[in-house]
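Have a look at the structure below before the remarks.
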Amino acid sequence: MLDVKLASFAAAYAEHREYEGRRLAEADLLALPWLRNGPHARQWAVRARTFETFLDRLLEPTAAAMARPLTVLDLGAGNGWLSHRVAALGHSAIALDIRGDDVDGLGAGDWPTHFERILASFDAIPLADDSTDMTVFNASLHYALDLPAALAEAKRVTRCGGTIAILDSPFYRRESDGEAMVAEKRGSAREQFGDRAEALTSLDCIEFLTPARLAAASGMEWRRRRVLYPLAYELRPLVAALSGRRPPSRFDLWTAEVR
């Protein structure tokens, strides 16, 4: 059960996603993360590269080493596309999100695969200890309100020897660059979100990560698995430097083994 503030944020976020055109036709939904058309295709081209790296360098090698299907917890699952892909490979998937709407929340899509859907926050995961082989923050960890608590919950539900993975959350080398991004975002909130600005900025999310922040919050050893993104994405730091802007974030795949 979500508290009132979190439920209000979830409702406003669903409205904004509708406004952005995030509701997809069935064919496009089933294609995720390889979305080829529409206004968000370039964003999905980046996310597809992360997912491919996740499959090739983490999910498939782990399943092969264990010689059995895995139980994968998809945190911040959105419409459940990652859970669908994982289930299609024969694994057990659990999709968790604070949004159950049919825009691009858990209520969106009639997936041909079976996976469990849980409406909850990843700050309080309603699963028993040691429930999963792999816990994935799916473009979601930067929405955490309490980073140590969120990582502790992920560690609690992941068995010893299992893996916590972070996909598609913004990382900066320096704290100051992340703080500059947050200041820019808050300064343009009214212009970007309109009447929904107050609700969408009501939560004190962490917004970004740095390697130092991640290590300090978790006490775990994290490994960065660099993703080769489309050329336009890879050139962003050069473009920013030439134009005198702050360095942009990177996504990549970050993993830690639960001990």
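Values in this text are rule-based calculations from the coordinates and carry no lab data. Computed from a predicted structure; not experimentally measured. Reconstructed Cβ throughout: ideal geometry from the backbone, glycine too, with neighbour counts over all protein chains shown.
Quick notes on this one:
- Diffusion coefficient, µm² s⁻¹, Stokes-Einstein with Kirkwood Rh over alpha-carbon pairs of region 4-43 at 20 °C and 1.002 mPa s: 188 µm²/s
- Cα gyration tensor shape for region 103-224, rounded if a/c is under 1.5, else prolate or oblate: oblate
- Sorted peptide list for 223-234, 110-121, 167-178, criterion being average Cβ within 10 angstrom, highest first: 167-178, 110-121, 223-234
- Net charge contributed by nearby residues that have their C-beta within less than 13 Å of Y233 (K/R +1, D/E -1): +3
- Ordering of 13-19, 194-200, 250-256, 184-190 by burial proxy (mean other Cβ atoms within 10 Å per residue, highest first): 250-256, 13-19, 194-200, 184-190
- Taking Cβ atoms as reference points and 14 Å as the exclusive limit, the residues near E15 contribute a net charge of -2, counting Lys and Arg as +1 and Asp and Glu as -1.
- Where only C-alpha atoms are counted, convex hull volume of region 80-143 per residue in Å³: 89 Å³
- Each Lys or Arg adds one and each Asp or Glu takes one away; over the other residues whose Cβ falls under 10 Å from the Cβ of W81, this sums to 0.
- Here the Karplus curve 6.51 cos²θ - 1.76 cosθ + 1.60, taken at θ = phi - 60°, turns the phi angles of region 229-245 into couplings of 8, x, 4, 4, 5, 5, 7, 4, x, 5, 4, 5, 5, 5, 9, x, 9 Hz, with x standing for Gly and Pro.
- Estimated inter-spin distance, S188 and A7, nm [label 7 Å along Cα→Cβ]: 3.3 nm
- Placed amide H near D252: partners under 5 Å, 5+ positions off or other chain: D168, V227
- Identified option (computed volume of the Cα convex hull per residue in Å³; candidates (i) 142; (ii) 109; (iii) 126): (iii)
- Unit Cα scatterers, Debye sum, region 1-108: log10 I(q)/I(0) for q = 0.24 Å⁻¹: -1.34
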